[in-house]
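These notes are about the structure you will find just below.
The values are calculated or read from the model by the stated rules, or taken from the named source; none is laboratory data. Being a predicted model, the structure only gives us computed values, none of them experimental. Here the Cβ positions follow ideal geometry from the backbone for every residue, glycine too, while neighbour counts run over all protein chains shown. Side chains included, ligands, DNA and RNA excluded: accessible areas come from the protein's heavy atoms. Shrake-Rupley method; radii C 1.70, N 1.55, O 1.52, S 1.80 Å.
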Amino acid sequence: MDMLFFFVACLGLAETVDLFMGKDFLMFMGDKMDEKDYDLPKVFSVEKWLFAADTIGCFILTKGSWIGLWGQVIVLFLLFITLIVHTWVFNDERFMSASGIKKKQLKKEAKQAWRNRKKGK
């Protein structure tokens, strides 16, 4: 388990360094999210600190015996909180560009149309 947290910390460190340099290494690798849909300077300004916290937390967990069981629980709780904030950043319209907001509104309309169809309206 220590090696898993070590590898995750190394990935987080690489992403943190790239975000502080204004680049991206990890966030937009898949095909579900498009960089054009987000205001990258705003996203990077928040995500670099979140990835830094994730990296530090994972490096701490690699030496879990130093902090004991309750220390590990607290660090895992803090990592869970950063995961929630990561999700919030990518779903909040304040961090989206105009095209991202439009796509989000179209998805909402499609979901509503699907629900109405199921209800027979």
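Kindly indicate which of Thr87, Thr62 is among the polar types (S, T, N, Q) and under 16 Å from the mean Cα position of the chain (by Cα).
On inspection, the qualifying residue turns out to be Thr87.
Within region 11-36, being of a type in the set (Asp, Glu) and under 20 Å from Thr87 (Cβ atoms) holds for Glu15, Asp24, Asp31, Asp34, Glu35.
Of the residues contained in region 99-116, none is found to be assigned to a helix (DSSP H, G or I), under 15 Å from the mean Cα position of the chain (by Cα) and touching a residue at least 12 places away in the same chain (Cβ under 8 Å). Would you pick out the residues in region 75-120 that are over 22 Å from Leu26 (Cα atoms) and open to solvent by 100 Å² or more (accessible area, probe 1.4 Å)? Passing the criteria: Phe77, Lys102, Lys107, Lys108, Glu109, Lys111, Trp114, Arg115, Arg117, Lys118, Lys119.
The rows are residues; the columns are (1) modelled with pLDDT under 90; (2) over 29 Å from Ala98 (Cβ atoms); (3) assigned to a loop (DSSP other than H, G, I, E, B).
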residue	(1), (2), (3)
Phe7	no, yes, no
Cys10	no, yes, no
Lys23	yes, no, yes
Lys36	yes, no, no
Val46	no, no, no
Leu50	no, no, no
Thr55	no, yes, no
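Scanning region 16-53 for residues that are under 25 Å from Lys107 (Cα atoms), of a type in the set (Phe, Trp, Tyr) and within 12 Å of the chain's Cα centre (by Cα) turns up Phe28, Phe44.
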